[in-house]
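What follows draws every value from the coordinates through simple rules; no lab data is involved. If you're wondering where the values come from, they're calculated on a predicted model, not measured in any experiment. Cβ sites come from the backbone with ideal geometry, for glycine too, and all protein chains shown count toward neighbours.
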Amino acid sequence: MPELDSVRGFAILMVLFFHGFANRDGAQGLSGLPKLFVRLLAPGWTGVNLFFALSGFLITGILLDSKHHPQYYRRFYLRRALRILPAYYGILLLLALLGRYALQGENISWAFLGLSAVYLANVTVLFGVPMQFGVLWSLAVEEHFYLVWPIIIRNVSRSTAGAIAVVIAVGATLARVVTLWLGYDYGSHYTWLVADALALGALLAVFMRGPLGTRAGLKLILLAAFLGSGALVLIDRPFHRPLAGGALHITALNLLCTGAVGGTLLLGTSSWSFLVHHRTLRFFGEISYGLYLIHMLVFNIYDNLQQRLFPHLPLFKGHFDLMVIRFLTCGSIAIVLAVLSRRYFEEPFLRLKDRTAFTRLGDTVREAIAAEKQPAT
């Protein structure tokens, strides 16, 4: 499904442009076209929601298709570990080595690194530890999904898995509403407040392996997702808060992202496939994991070096020319590092992942040949 690589590429570009221009109220002090440009990039943070919906869809599909495999857990967790752990622990090592340069003027704490090492970066504040490197929170959420969801898929039917996904989506939505009513920040990154994006992506995978798994069925799913998203926005208007939106706005966004994944699949198998089989987007999709991990580190190092080496220069916020220079410099460096990481660091582990798959395939073929040689009974 190469079109889904384009989705991944689009999502990482949204995040990259957001952190390059729109983060930290970047439009302040700007006017005219620069201000409009930065404001248009402000929704870039939703790229993470798109990642979640895509991940829920892909991982659930993998699990459903392999749930009866005798090495179900070993296959899944070994392949996930080879895919995500090397680069993840590599970035933690860089954070530890670079110290103050890796963050905005503060030293990285061993407590944060320790909690992040066990994928608790999104709940560090519950332990009295500030979340010092923001991009790690979403990886913690995904890891929680990887740990729990395979057990559920293995032990329940497809329809029951879909029902559980609905319960999780509704539960996360209600948790945000209750959090809002209690006066807390419903935009927190706790897993139980953001799990609906993954659950809705999982629900799409469940639907696509049932009676609705046709082009006509997918169109109905998309219609329901987009109408549901619009309805939630209208319902949530009384709770609207500037920039963050209301608690139900997040659910509406996640429905929209799930619809975007489904819509891309629909386009990718139609005469309009050229719209989603985009070479540039697929390139960024291929390096998206490494680019997501490294890009904020590059931005932080740039900002720290600028303040140390060129203290007379103003900060980039409010100065569009400095924003552009910062983005082009850091973005280029981050892309090069992501390409190098993918080719020379991640690929060897990915080849191990593929080798285990081919080994199992070879064993299956050999077993089939051996069975054919047995005398008929």
For S66 and L33, calculate 0.36 nm times their separation in residues minus their Cα-Cα distance, and state this gained length in nm to one decimal. 6.8 nm
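Expressed in nm², what is the orientationally averaged projection area of the convex hull enclosing the Cα positions of the chain? Each step should come with its number before you reach the end.
On the way: hull surface 90.9 nm².
Result: 22.7 nm².
Mind checking the full-extension length gain between R83 and L234? Use 0.36 nm per residue of separation minus the Cα-Cα distance, one decimal, nm.
Values: separation 151, 0.36 × 151 = 54.36 nm, distance 4.02 nm.
Going from the current span to full extension adds 50.3 nm.
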Based on other C-beta atoms within 10 Å, arrange T258, T329 from fewest to most. T329, T258
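Can you show me the helix-derived [θ] at 222 nm for the chain, built from DSSP H runs with n ≥ 4 at -39,500 (n - 2.57) apiece and divided by the number of residues, rounded to the nearest 500.
Numbers: 14 runs with 264 residues, N = 377.
Result for the chain: -24000 deg cm²/dmol, rounded to the nearest 500.
Select from the stretch 94-154 those GluC sites (Glu not before Pro) which occupy a DSSP coil region and have at most 14 other Cβ atoms within 10 Å, ordered by residue number. Before the final figure, lay out each step's value.
Numbers: sites: E106, E142, E143; in loops: E106.
Passing both the DSSP loop test and the Cβ count: E106.
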Lysine pairs meeting the criterion (Cα under 30 Å, 8 or more apart or interchain), as found in the chain: 4
Round to the nearest 0.05 the FRET efficiency obtained for L305 and D185 when R0 = 35 Å and r is the Cβ-Cβ distance. 0.60
Between L93 and L126, what is the FRET efficiency for a Förster distance of 25 Å, r being their Cβ-Cβ separation, to the nearest 0.05? 0.50
